[in-house]
Amino acid sequence: MNPHGIESRAAQPSWNGRVKEDMAATATLERDAELMLRVRDGDQACFGMLLERHRGPVIHFMYRMVQNQAVAEELAQEVFLRVYRSRGTYEPTAKFTTWLFRIATHLALNWIRDGRNEKLQESLDQETPDGATRQVADRGRTVEQELVYQAKLREVRQAIEILPSKQRAAVMMHKYEEMEYSQIANVLSCSESAVKSLLFRAYESLRTRLAHMA
Amino acid sequence: MKECPLENGNSAELIVAYGARTLAPEVEAAFERHMSTCANCRELAAAQREVWSAMDAWTPAGISSNFDEKLYRRIATEEQGTWWRRVLRANWSWRPAMPVAAACAVLVAAFLLRSPAPPSGASQSQSQPKLQIEQVQHALDDIEMLKKLGVEVPSDKAGSSEQI
Amino acid sequence: MRARSILAVAAMLLSLTLVPAAQAQGRRGGMNRRPPRPEKPAPKPSRTPIDEFQKMSPEERQKALDRLPPHQRQQVEERLKNFNQLPPAQQQTLKNMYNRLNQLPPARQEVVRGAMNKFFQAPADRQQAMREELRGMAALPDQERQARLASPEFQSKFSGKEREIVRDMSDLLPPGQ
């Protein structure tokens, strides 16, 4: 039971499914940390394996944060470069993904703070090279359905874009990376209650902006 | 669920977890029973689920096929620089090496004065910086991108006169 | 000890100052002879790093490639092979475009590269329209290109963003006569 008295899967370690998930998560934690320790010892192939496992999530997180694919990939490159640079001093004190997303969030927030997104914001129609617009076009929608879908997507993106950057990061990690409050708190270096507060304000704002879609 | 979560201050976390479908089954069932009699909670929960499914529509874009290659190239470039930085950062004490360096310099000078000048071609090729493989990779990146543009015209006038 | 160090440093500095001068004299073959004025070399087309690489001896090439991890090395070899399989005229045109791009001032290069990215992000039919426009412009002399960019037809055919892409990418075209 959490402080608010609400039992959710995230707050209920005794729940069967959750236990299995936790075991899997622990195995993943050990695997990532082990790989990183081997990178520290000079095993380059293990860096490739870490890249393979986390490349997608990091780029997708960056893309949703900065809403520009080229910038997202550039920032993701910097994330992995920093991971590689830090290999010599790596200690598995935190979950690898927490550390990874801490670097990613830091870079994304800095980029947004510096206002570099203003110049690069593209219209939804033109922004995705091999992304959303083309992916959905392959799903057999009619032209009309496609237009409706694009309009909906545009609204979602705009609604997310106007969230304060820290709220945006928290929502992206909660919704798309399926991170728990405690992990988001670790990434953002704040308390779990601060994360809850960020998330609730963010979702409140999204409900207001996207309510008419219902 | 005896009292409305909107009234006891628990609504926020409950609504978000309900929208994300991460509530424990018994809590979800209790909340759904409560919603059948509470219009406010019903409305809020429906809105949150709508937000959740609207956000599902935002699928990420594809990743460039040369992402890894670019990254490894950047790492290789950094690694190259690291060796020099290590040498430069090392805490050298130059003083004991000075007389030795001076003696070497005098010897080299004497040797160069006595030897015939190298042919100009050789000296040119020695002074030219060596081609780095990364430059070739960058050039290939550019050329492949230019090819993808598909704007090259076969009657490129400048090209016909240029010898490679 | 201190005096010896100072002397050594002085000797080293002196020798370093004398060496280039002595070398230059050696090459000229005499102090009083005025060096022949080097002939102005004929303008050479710039070589691309790919040309430089292919000009290297097989051993040198191997040595350069050996610096890469195996999978990257394989990729480079494959990419070079693909490039070499293109018709010679296309290879040449691409190299010329590469040179034109890389000879632009860095800031301008950024603009042109940005335009290329925007080009790729445009829908396929719009890419085709811009591609055809650029091909058409390649055949025009400079003045006519400028006139074309300012023409009502060009303005009506493309959106503001597309016009900017075409204008920026026209830097890649061969100089008009």
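The values are calculated or read from the model by the stated rules, or taken from the named source; none is laboratory data. Treat the numbers as computed from the prediction; the structure is a model and nothing was measured. Virtual Cβ from ideal backbone geometry, glycine too; neighbours counted across all protein chains shown.
Could you grab me the full set of residues in segment C:82-95 that are in a helix (DSSP H, G or I) and surrounded by 14 or more Cβ atoms within 10 Å (Cβ to Cβ)?
C:F83, C:A89, C:Q90, C:Q91, C:Q92, C:T93, C:L94, C:K95
Taking the listed residues B:A57, B:A47, B:A29, the one that is more than 9 Å from chain A (Cβ to nearest Cβ) and of a type in the set (A, V, I, L, M) is B:A29, with no other qualifying.
Just one of the listed residues (B:E43, B:E26) is under 27 Å from A:L153 (Cα atoms) and modelled with pLDDT of 85 or more, and it is B:E43.
Among the residues making up segment C:147-164, those that are under 18 Å from C:G176 (Cβ atoms) and loosely packed, with under 15 Cβ neighbours inside 10 Å are C:A147, C:A150, C:S151. Of the residues making up segment C:57-66, those that are farther than 22 Å from B:E78 by Cα and either acidic (D, E) or within 7 Å of chain B (Cβ to nearest Cβ) (or both) are C:E59, C:E60. Quick check: is even one residue across segment A:203-214 touching a helix residue (DSSP H, G or I) at 6+ places or on another chain (Cβ under 9 Å), more than 9 Å from every other protein chain (Cβ to nearest Cβ) and among the hydrophobic types (A, V, I, L, M, F, W, C)? Among the residues of segment A:203-214, not one is touching a helix residue (DSSP H, G or I) at 6+ places or on another chain (Cβ under 9 Å), more than 9 Å from every other protein chain (Cβ to nearest Cβ) and among the hydrophobic types (A, V, I, L, M, F, W, C), which makes the answer no. For segment A:161-184, the set of residues classified as among the aliphatic types (A, V, I, L, M) and under 13 Å from the mean Cα position of the chain (by Cα) consists of A:A169, A:A170, A:V171, A:M172, A:M173, A:M179, A:I184, listed by residue number.
Can you give me the ranges of the helices (runs of 4 or more DSSP H) entirely in segment C:109-177 with at least 3 residues that are within 12 Å of chain B (Cβ to nearest Cβ), without any contact (Cβ under 8 Å) to a residue 40 or more places away in the chain and more than 18 Å from C:N96 (Cα to Cα)? Give the derivation first.
Details: elements: C:124-138, C:142-150, C:152-157, C:160-169.
By residue number, C:124-138.
The combined condition, being modelled with pLDDT of 55 or more and assigned to a loop (DSSP other than H, G, I, E, B), is fulfilled by A:A94.
Just to verify a result, which residue in segment A:32-80, among those that are without any contact (Cβ under 8 Å) to a residue 12 or more places away in the chain and part of a loop (DSSP other than H, G, I, E, B), is farthest from the other protein chains (Cβ to nearest Cβ)? The selected residue is A:D41.
All told, B:T37 falls short of being more than 7 Å from chain A (Cβ to nearest Cβ), more than 27 Å from A:L153 (Cα to Cα), exposed (fewer than 15 other Cβ atoms within 10 Å of the Cβ) and in contact (Cβ under 8 Å) with a residue 12 or more places away in the chain.
Here B:E43 clears all of (1) more than 15 Å from A:E204 (Cβ to Cβ); (2) loosely packed, with under 15 Cβ neighbours inside 10 Å except the condition numbered (1). Which residues, counting only those in segment B:39-67, are in contact with a helix residue (DSSP H, G or I) (Cβ under 7 Å, 6 or more places away or on another chain) and among the acidic types (D, E)? The one that is in contact with a helix residue (DSSP H, G or I) (Cβ under 7 Å, 6 or more places away or on another chain) and among the acidic types (D, E): B:E50. Looking across segment C:67-81, the residues that are within 9 Å of chain B (Cβ to nearest Cβ) and assigned to a helix (DSSP H, G or I) come down to C:H71, C:Q72, C:R73, C:Q75, C:V76, C:R79, C:L80.
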